[in-house]
Amino acid sequence: MILYRKLVIQTIIYSIGFVFPRIVNYVFLKFFTVCFKREEFSLYTDMYALSFIVIGFLSFGLENTYFRFLYKKNYNKEIVFSTGVIIQLLISSFFLVISINLIKYLSFIAGYHHHSEYFFMFFFIIFFDTICVLPMAWLRANDKPIQYSTISIVNILMQSFLIVYLFFYSDNIFYGRISSFTDKIGYIFFSNMISSLLNLFLVLPILLKKVTIKKFNKTLAIKMLNYGIPIMIGTIAFSINENLDKILIKRWVSDEINGAYSACYKIASFMSLYLRIFRLGIEPFFFKKSKDSDAIYFYEEIIYMFILFGLIFYVLICGNINMFMEFLIDKKYHVAIPIIPIIMMGNLFLGIYTNLSIFYKIIDKPIIGTYISLIGVLITFLFNAIFIFISTDNSFMIPAWGTFTSYGFMLIVLYLWGKKQFLQFCNKKIKNIIMHFLFALFIVFIIKKEMKLSFLLQFLYLIIIFFLEKKRFSNLIK
C-alpha cells in the first residue's frame, strides 16, 4: 500500500496545480457572464471550441506516445524525449507559418472577418501550448508534481492579472495599444497568449537541458508517429464530440442560445475536471506498472475507485446545482440548466472509457481507440444532424443527448471488445458497478423531484456508499 499512498499524495499535489487554475477560471466565468451579453460570451467560447479541434490535430498523440516509449526497456529516456519534442516543434512551427499566411481566409470562413486578430492571437496560443505539452509530461514522468503545479499556478496568475488589468485599468499606454486592435473579448485572448508564452519560458530550461539534435532518432521518430497518429485521430474525435455542438448552435440557432448553452456546459465540465485530476497522477503510473506482475490488481482497484468517486461527485454536483448556478453564472444564462446532468453523466462515461483505454495503449494497439472514437463521432454527427434539421431555440437538448449517447456507446463497445481480452475484472465487478450507477441516478432523480430533501438525500447516499465500500475506503488511509 506504500506505492498506493504515494500515488494518492502525488495526485493531490497535481490536483492543486490543476484545480487552482480551474477555480480561477470559474471565478472569471461569473465575471464574464455578468459583463458580457450572451451573444458576446458565445464568441469567447466559440474561439476556444475551434482551437481545441486544431490542438487535437497538432498534438499528434505525442503525450501518450512519450509515456509509452519512455517505459520500453530498449529505448533511452533522453532520446525518446528529444525525439518527441523535436517532432512537436516541427509540426507546430509548420502550423504557425501556414496559418499566419492564411489568416484572412481562415477568419472569413469561420465568420470572423471583422476580428482576424482573434485568430492571430489563437495561432500563437496554440503554438506555445503544443510546444509545452511534452516538457510538462516530462515533469509528470519524473515525479515532479510540485514543479508541475507551480508552473500551472504561475501561468493562471499571469493570465488573471492581465485580464483584470485590461478590464479595469484603462488609463495607461499599454491598454491603449491593446484596445487599438481588439475589443474586450480580445483582451481575454491576449491575456491567454501572454500566459502561454510565459509557460514556454518556464519550461525552457527543460528543453535547453534535455533536448539536442544529436539525440534525435529518425527510426524512433517514425515509430512514435505511427503509434501517435491513431491517438491523434482519437483526440480529434474527442474534440469534435466536445465542441461540435457549440460550433453548430452558434451558426444554426443563435449566439444568444449558444452563450447560455456554453456557460451551462462549463458547469457540467466539473466532471471532466475530476477526470483530468485523476489522469494527471494515474496515467504515468499505468504505463510504469504495465510490466509488473501485480499490474492488473492495481488497474482493477484504481478504475473501480474512479467510478465510485465519480458517481459521488455526480450526486453532489447535481444535488446542489441551483447553488452552483447562482454562484457561478448570471441568471440570463440559466435557460440551459437541463443539459448539466446529461453532459456530466456523459463525461463520466468518457472518464471510465479513458481509464479502460490504457489497456490497448499498453499492448501497442491504439488503433482500437481510433475505431471506437470514430464510432463516437458518427453518433455525434447523427445527433447534430437531427439538431440542424430541427434547429429551434429549445433544440439544444439534442446535442447534449448526443454527447451522452456518444460516450456511453464508446464505453459499451470497449467493454464488449475487451472483456475477453484483458478486462476480466469488469466481469467480476460489473454488477456492483451497475448497482452504483442505478443508485446514484435514483438519488439524483428523487432530489430533482423533492429539492427540499436534497441535503438529507445526499447525506443518506454518502452513508450508504461508505458502508458498502468501507473496506476500500480504509485501504486509502492505511
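Odds and ends about this structure:
- Conditions (1) in contact with a Gly (Cβ under 9 Å, 6 or more places away or on another chain); (2) open to solvent by 30 Å² or more (accessible area, probe 1.4 Å): number failed by ALA137: (2)
- Residue within region 157-170 that is in contact with a Leu (Cβ under 6 Å, 6 or more places away or on another chain), more than 30 Å from ILE342 (Cβ to Cβ), in a helix (DSSP H, G or I) and of a type in the set (A, V, I, L, M) present: yes
- Summed over region 9-48, the residues that are of a type in the set (Gly, Ala, Ser) and surrounded by fewer than 21 Cβ atoms within 10 Å (Cβ to Cβ) give a count of 1.
- Residues of region 58-86 that turn out to be among the hydroxyl-bearing types (Ser, Thr, Tyr) and open to solvent by less than 10 Å² (accessible area, probe 1.4 Å), as a count: 4
- Looking at SER92, SER152, just one residue is farther than 20 Å from LYS184 by Cβ, touching a helix residue (DSSP H, G or I) at 6+ places or on another chain (Cβ under 8 Å), open to solvent by 10 Å² or more (accessible area, probe 1.4 Å) and among the small types (Gly, Ala, Ser), and that residue is SER152.
- Within region 364-385, none of the residues are without any contact (Cβ under 8 Å) to a residue 24 or more places away in the chain, open to solvent by less than 40 Å² (accessible area, probe 1.4 Å) and touching a helix residue (DSSP H, G or I) at 6+ places or on another chain (Cβ under 8 Å).
- Screening ILE151, ILE86, ILE98 for residues that are more than 22 Å from the chain's Cα centre (by Cα) and in contact (Cβ under 8 Å) with a residue 60 or more places away in the chain leaves exactly one candidate, ILE86.
- Residue, nearest to the chain's Cα centre (by Cα), within region 107-129, restricted to residues that are hydrophobic (A, V, I, L, M, F, W, C) and surrounded by fewer than 18 Cβ atoms within 10 Å (Cβ to Cβ): ALA110
- Residue within region 426-449 that is of a type in the set (S, T, N, Q), in a loop (DSSP other than H, G, I, E, B), open to solvent by 10 Å² or more (accessible area, probe 1.4 Å) and at pLDDT below 90 present: no
- Verdict on ILE379 being more than 23 Å from ALA263 (Cα to Cα) and touching a Ser or Thr at 6+ places or on another chain (Cβ under 6 Å): yes
- Pick from region 392-425, criterion at pLDDT 80 or above and closer than 19 Å to ILE302 by Cβ, ranking: most open to solvent (accessible area, probe 1.4 Å): TYR415
- The residues listed here are LEU311, LEU220; of these, the one that is over 26 Å from ILE55 (Cα atoms) and modelled with pLDDT of 90 or more is LEU311.
- In region 299-355, the residues that are charged (D, E, K, R) and crowded, with 18+ Cβ neighbours inside 10 Å: ASP330
- Among (1) open to solvent by less than 40 Å² (accessible area, probe 1.4 Å); (2) of a type outside the set (D, E, K, R); (3) at pLDDT 85 or above; (4) over 20 Å from SER82 (Cβ atoms) - the single one ILE178 does not satisfy: (3)
- Residue match in region 118-128 (condition: more than 30 Å from ILE213 (Cβ to Cβ) and of a type outside the set (A, V, I, L, M, F, W, C)): yes
- Residue count for region 66-96, restricted to those that are in a helix (DSSP H, G or I) and farther than 15 Å from ILE131 by Cα: 8
- Scanning region 223-262 for residues being farther than 13 Å from LEU50 by Cβ, among the small types (Gly, Ala, Ser) and modelled with pLDDT of 90 or more gives a total of 2.
The values are calculated or read from the model by the stated rules, or taken from the named source; none is laboratory data. Values in this document were obtained by computation on a predicted structure and should not be read as measured data. All Cβ positions, even for glycine, are placed from backbone atoms using ideal geometry, and neighbour counts span all protein chains on display. Ligands, DNA and RNA are stripped out before the accessible areas are found, and what is left, the full protein with its side chains, is counted by its heavy atoms. Shrake-Rupley method; radii C 1.70, N 1.55, O 1.52, S 1.80 Å.
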